[in-house]
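Asks: Just dropping this structure here.
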Amino acid sequence: MSFYQVSLMSFSHPKSNNIFNEVSFKLDKNERIGFFGPNGSGKTTMAKLMMGILKPTGGEILLEGKPAFKMGLARIGQRVGYVFQNPSKQLFAPTVWEQVAFGLSMGKEGALEG
Ligand SMILES: Nc1ncnc2c1ncn2[C@@H]1O[C@H](COP(=O)(O)OP(=O)(O)OP(=O)(O)O)[C@@H](O)[C@H]1O
Ligand SMILES: [Mg+2]
């Protein structure tokens, strides 16, 4: 089973044209890939779809065989790291020490799941 399996995945933001039209690819653990494209071509949108933040309008994105969108961000976060495009949306602690300590203090199950 692939780590990620994207099958015939389509997506459009509300009230906008299709960004992805039946896109398929597989991504295995430890494999490295890059998404290239001009501004507004959909790189961030693809990352958000793979993190389950956005839901495909067609097809599916499976993470270890399960639909990413149904897994919930806390569970996906235990399997996949996501670095936001804008650092100001990612960093929230006043010091590096506190920022790094936050992740380590979450425990195996993740404090976000409550
Ligand atoms: N929340 C949203 N609602 C509607 N349209 C959106 C939304 N977010 C992005 N878009 C549109 O979707 C398209 C893809 O945007 P996206 O941010 O994924 O591109 P990108 O490749 O990451 O661009 P950049 O190189 O500037 O980071 C663009 O046309 C953008 O205007
Ligand atoms: Mg982007």
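Asks: Specify which of the listed residues (93, 47) is of a type in the set (Gly, Ala, Ser) and either within 16 Å of ligand 2 (Cβ to nearest atom) or surrounded by 12 or more Cβ atoms within 10 Å (Cβ to Cβ) (or both).
Replies: Step by step, each of 93, 47 is checked, and only 47 is of a type in the set (Gly, Ala, Ser) and either within 16 Å of ligand 2 (Cβ to nearest atom) or surrounded by 12 or more Cβ atoms within 10 Å (Cβ to Cβ) (or both).
Asks: Is it the case that residue 103 is away from ligand 1 (no atom under 16 Å from the Cβ), open to solvent by less than 90 Å² (accessible area, probe 1.4 Å), over 21 Å from residue 20 (Cβ atoms) and at pLDDT below 80?
Replies: Details: away from ligand 1 (no atom under 16 Å from the Cβ): yes; open to solvent by less than 90 Å² (accessible area, probe 1.4 Å): yes; over 21 Å from residue 20 (Cβ atoms): yes; at pLDDT below 80: yes.
For residue 103, the condition - away from ligand 1 (no atom under 16 Å from the Cβ), open to solvent by less than 90 Å² (accessible area, probe 1.4 Å), over 21 Å from residue 20 (Cβ atoms) and at pLDDT below 80 - is met.
Asks: Also, I was wondering about something else. Filter the stretch 74-101 down to residues that are over 19 Å from residue 43 (Cα atoms), within 16 Å of the chain's Cα centre (by Cα) and among the polar types (S, T, N, Q), then give me how many there are.
Replies: Of the residues in the stretch 74-101, 1 are over 19 Å from residue 43 (Cα atoms), within 16 Å of the chain's Cα centre (by Cα) and among the polar types (S, T, N, Q).
Asks: For the condition more than 12 Å from ligand 1 (Cβ to nearest atom) and free of Cβ contacts under 8 Å to residues at least 40 places away in the same chain, what is the one hit in 65, 52, 42?
Replies: Selected residue: 52, the only one of 65, 52, 42 that is more than 12 Å from ligand 1 (Cβ to nearest atom) and free of Cβ contacts under 8 Å to residues at least 40 places away in the same chain.
Asks: Looking at (1) within 16 Å of ligand 2 (Cβ to nearest atom); (2) in contact with a Leu (Cβ under 8 Å, 6 or more places away or on another chain); (3) touching a residue at least 40 places away in the same chain (Cβ under 8 Å), can you tell me which one residue 9 breaks?
Replies: (1)
Asks: Also, I was wondering about something else. Kindly indicate which of 67, 38, 56, 14 is within 15 Å of the chain's Cα centre (by Cα) and either more than 12 Å from residue 4 (Cα to Cα) or hydroxyl-bearing (Ser, Thr, Tyr) (or both).
Replies: The conditions single out 56.
Asks: Between a first residue in the stretch 12-35 that is closer than 18 Å to residue 62 by Cβ and a second residue that is modelled with pLDDT of 95 or more and open to solvent by 50 Å² or more (accessible area, probe 1.4 Å), which pairs have beta carbons less than 6 Å apart while being 6 or more apart in sequence or on different chains?
Replies: 22/8; 24/8; 26/5
Asks: Take the residues of the stretch 12-29 that are open to solvent by less than 60 Å² (accessible area, probe 1.4 Å) and within 16 Å of ligand 2 (Cβ to nearest atom): which is farthest from residue 81 (Cα to Cα)?
Replies: 16
Asks: Only one of 32, 79 is in a loop (DSSP other than H, G, I, E, B), surrounded by 11 or more Cβ atoms within 10 Å (Cβ to Cβ) and either within 16 Å of ligand 2 (Cβ to nearest atom) or at negative phi (or both). Can you tell me which?
Replies: Result: 79 is the single residue among 32, 79 that is in a loop (DSSP other than H, G, I, E, B), surrounded by 11 or more Cβ atoms within 10 Å (Cβ to Cβ) and either within 16 Å of ligand 2 (Cβ to nearest atom) or at negative phi (or both).
Asks: How about the stretch 82-106: which of its residues are of a type outside the set (A, V, I, L, M, F, W, C), in a helix (DSSP H, G or I) and either closer than 27 Å to residue 64 by Cα or in contact with a helix residue (DSSP H, G or I) (Cβ under 7 Å, 6 or more places away or on another chain) (or both)?
Replies: 103
The values are calculated or read from the model by the stated rules, or taken from the named source; none is laboratory data. Because the structure is a prediction, the values reported are computed rather than measured. All Cβ positions, even for glycine, are placed from backbone atoms using ideal geometry, and neighbour counts span all protein chains on display. Just so you know, the surface numbers come from the protein's heavy atoms only, side chains and all, with ligands and any DNA or RNA stripped out. Shrake-Rupley method; radii C 1.70, N 1.55, O 1.52, S 1.80 Å.
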